[in-house]
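Engineer: My structure is below; once you've seen it, I'll send some questions.
Values in this text are rule-based calculations from the coordinates and carry no lab data. Because the structure is a prediction, the values reported are computed rather than measured. Please note: Cβ atoms are built from the backbone with ideal geometry, for glycine as well, and neighbour counts cover all protein chains shown.
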Amino acid sequence: MLDGSPHRRSRSGLWFAAGMVISLLLLLASRTSPAVTLQDVAARALDPVRSAIAGVGSGISGVFTAIGEIDRLRSENDRLRSQLAGADARLAELREAAAENAQLRRLLGLTTSLQMNLLPVRILGRDPSNFSWEVGIDAGTHDGVQVGMPVVAAADDGSGALAGSVVATGPDSATVRLVVDARASVVAIDQQTRALGLVQGQLGGQLVMVQVRATDHVAVGDAVASAGLTLTDASGAGLARSPYPKGLLIGVIQAVELDSNALTRTAFVRPAVDLSALERLLVVLHFTQD
């Protein structure tokens with residue numbers, strides 16, 4: 001009786017398939033004309049497969065190449081950013097040095113143009129609020145600095161501008177109250193009309209010129225300077241004494257209004273220098289008043 005079990009038929013099929021594969025391999029390895037023809041047919045049939053495999057390989061190679069290029073570009077960008085940061089820092093240093101050089105040149109010009117004994121000082125600190133306009137300087141009693149001494153800054157045009165006065169001293173440092181402080185006042189003169197008044201500091205770093213007689217003329221754009229005088233009333237009592245040298249620029253009049261008493265005027269004055277940006281000053285150790 002014939003054995004027709006599935007297991008026996010499966011083994012027979014495997015042997016048949018193996019025989020066919022071996023026969024094809026022997027035929028492909030042969031150099032006979034039929035074999036060559038079969039090899040060409042097989043090669044053409046496998047061309048799409050080879051192309052697909054080659055394309056996949058090329059694509060994978062391209063991906064790795066792109067990843068490498070991205071890494072290279074990132075490294076180059078980091079290097080360029082570092083160089084740019086260094087260039088920006090250097091540029092900032094050069095600008096700072098140029099600004100300091102210009103300020104020093106203006107102060108040097110004042111030491112020769114003003115007939116005063118001047119001590120150059122550097123500002124060490126300042127009050128950040130708008131309620132107190134005082135700065136600390138790097139000179140004190142050991143350098144000859146005393147309370148009440150005037151302090152000068154350089155205006156943009158190179159002229160001497162009144163900055164304030166010394167209000168406290170230590171051995172190696174001192175405190176300067178700037179002219180825009182609400183506690184500061186100085187007798188001033190309109191350089192165009194010679195009208196006198198009292199310049200006082202205001203909150204927020206502004207200046208006003210008060211006690212200007214209504215009969216005196218003051219106008220917008222007029223320059224105001226220290227008068228080096230003492231104002232007195234009719235009885236001779238002093239109203240305000242100026243410890244400042246004559247002729248130091250204070251500011252420029254921006255507006256004028258008549259007071260409610262109709263006897264005096266008030267002029268609003270823009271400071272001659274930006275006192276919030278000062279870095280160096282000159283302390284007037286000695287001066288002679290004409």
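Engineer: From a point 7 Å beyond the Cα of Asp216 in the direction of its Cβ, which residues of the stretch 254-275 have a backbone N at a distance under 17 Å?
Structural biologist: Only 254-270 fall inside the zone, counting backbone N under 17 Å.
Engineer: Now for a separate question. What does the convex hull of the Cα atoms of the stretch 132-290 come to per residue, in Å³, rounded to a whole number?
Structural biologist: Each residue corresponds to 119 Å³ of Cα convex hull volume.
Engineer: Expected output is a single nm value to one decimal: the length gained when fully extending between Arg81 and Thr65, i.e. 0.36 nm times separation in residues minus the C-alpha distance. What is it? Each step should come with its number before you reach the end.
Structural biologist: On the way: separation 16, 0.36 × 16 = 5.76 nm, distance 2.42 nm.
Between Arg81 and Thr65, full extension yields 3.3 nm more.
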